[in-house]
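Enquirer: Just passing along the structure, written as structure tokens.
The values are calculated or read from the model by the stated rules, or taken from the named source; none is laboratory data. Values in this document were obtained by computation on a predicted structure and should not be read as measured data. Reconstructed Cβ throughout: ideal geometry from the backbone, glycine too, with neighbour counts over all protein chains shown.
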Amino acid sequence: MATRADLQQRVDGHLAGTYETTRPRDVPDPDEVPLGNKAMQFDATALFIDVRQSTDISNTSRADSGEDDEGVLLRRRQDHQRQRRRGSKFQR
């Protein structure tokens with residue numbers, strides 16, 4: 001088993017080293033991404049949409065999927081806390 005110092009040295013070596021970079025045409029499958037000092041560089045776009053009352057949609061989906069009540073209640077509480085934090089930041 002590697003010690004913390006061994007792991008830190010290996011990580012530092014990967015971060016400080018030079019990389020052989022390729023530019024794939026499409027987003028690669030995880031199995032296609034090599035380990036070691038090799039990198040793939042590609043352009044990507046992320047889209048995020050915050051839909052009002054989206055928790056109702058996701059909670060309905062969870063209920064349909066058979067997720068237990070504890071999981072649903074925990075997620076509702078977390079969503080409520082997030083909404084309260086957002087609301088206090090943007091209240092008029």
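Enquirer: Would you mind stating whether Q9 is at pLDDT 85 or above and under 20 Å from the mean Cα position of the chain (by Cα)?
Expert: No; evaluated as a whole, the condition is false for this residue.
Enquirer: Taking the criterion of being of a type in the set (G, A, S), in contact with a helix residue (DSSP H, G or I) (Cβ under 9 Å, 6 or more places away or on another chain) and modelled with pLDDT under 75, would at least one residue in segment 61-79 satisfy it?
Expert: yes
Enquirer: Right, next: So, in segment 15-28, how many residues would count as being more than 15 Å from D43 (Cα to Cα) and assigned to a loop (DSSP other than H, G, I, E, B)?
Expert: Going through segment 15-28 one residue at a time, the tally reaches 3.
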